[in-house]
Amino acid sequence: MNNRQFQTVASTIQSAGILADLYLKASLARTNTLTGWSLDARDPQIIEKLMPFFGLVYQYYFRVQTDGWENIPKTGKVLLIGSHNGGLAAPDTVMMTYDWFRQFGTDRLAYALMEPKIWQVLPGLARLATQVGTIQPHPDLARAALRRGAAVLIYPGGAKDVFRPYSLRNKVYFHGHKGFIKLALQEEVPIIPFISHGAHSTLIVLADIYPQLQQLHKLGMPWLGGIDPGVFPIYLGLPWGIGVGPLPNIPLPVALHTRVCPAIVFDRYGEEAAHNRQYVEQCYHQVCEQMQQELDRLVREEEGSGFKPFCF
């Protein structure tokens, strides 16, 4: 092992230790704190401490290629809309978050909406994420963040998107969720899409059997822990080999390409536009179509460069 390799290993161990310490402290925090219901729990000092670890993951594990950051204004509120990938680990989300702080610093206000069940099933992770800027997916919180001049990141497809089958890995899959459109229209803010390639190959989702389990639940089968998971994937991945249910996963070290797309600006904004069901539907399809076009372009670029994900 040469000196550079030794320094990299030493840095990885040190930064992983810092991450573990911060996770432990978040896990031991009082249950009525770091709940995701406050915009003031975000802590730039915690973010600074996490940056070295995720920088190493970014450079050496996922070998991230990224572009398009010039599409985000240097200041002011922005609504970032992403296509979600890669199970609960969501490596594209984590890497784009790292890139955000690398591009704009940790003091620029930024928040991300997260599935509320995470606070129930993985409280330590959720509390640590809260310190990075994660909030509950409530429209009033998102609206308040935008009115502070913050960036707000939303993945409209949620759990169904992040665990969509591998066969749909190159599809924008928002599952008809249109709340982000109403938010953009009400707050008169353009939408800036986030897309990625490779993250949905860090695990292989074979199927989502939630509809079948939902039928059994209606017949009397209780949900584990009393929590309706919303999705119930069967997937191939680490550390389980075969994962059953929305279990946490260790993503495979697949190279990622993330991209910030040009802003999408609608013809009309305001409360009247936000309450026009037909217009909201039109805007929703506009976003989905433009994001799909951008994702198709990224896929062609990656496949043309020789990227070969798992083939089924």
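Every number here is computed from the coordinates shown, using simple stated rules; none is lab data. What you see is a predicted model; the values in this text were computed from it and never measured. FYI the Cβ positions are ideal-geometry reconstructions off the backbone, even for glycines, and counts take in every protein chain you see.
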How would you rank 59-70, 75-86, highest first, on the average number of other Cβ atoms within 10 Å across their residues?
75-86, 59-70
Lysine pairs in the chain with Cα atoms under 20 Å, if 8 or more residues apart or on separate chains
7
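Run the numbers on the chain and let me know its relative contact order in percent, using alpha-carbon pairs under 8 Å that are six or more apart.
Dividing the mean separation by the residue count of the chain yields 23 percent.
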With both partners inside the chain, how many of the DSSP beta bridges are antiparallel, as a percent to the nearest 5?
45 percent
How would the chain be classified by its alpha-carbon gyration tensor: rounded, prolate or oblate, with rounded meaning a/c under 1.5 and the a/b versus b/c comparison settling the rest?
rounded
The set of residues whose placed amide H lies less than 5 Å from the amide H of residue 134, leaving out same-chain residues fewer than 5 positions away, is 112
Mean Cβ count within 10 Å, highest first, over the residues of peptides 38-45, 246-253
246-253, 38-45
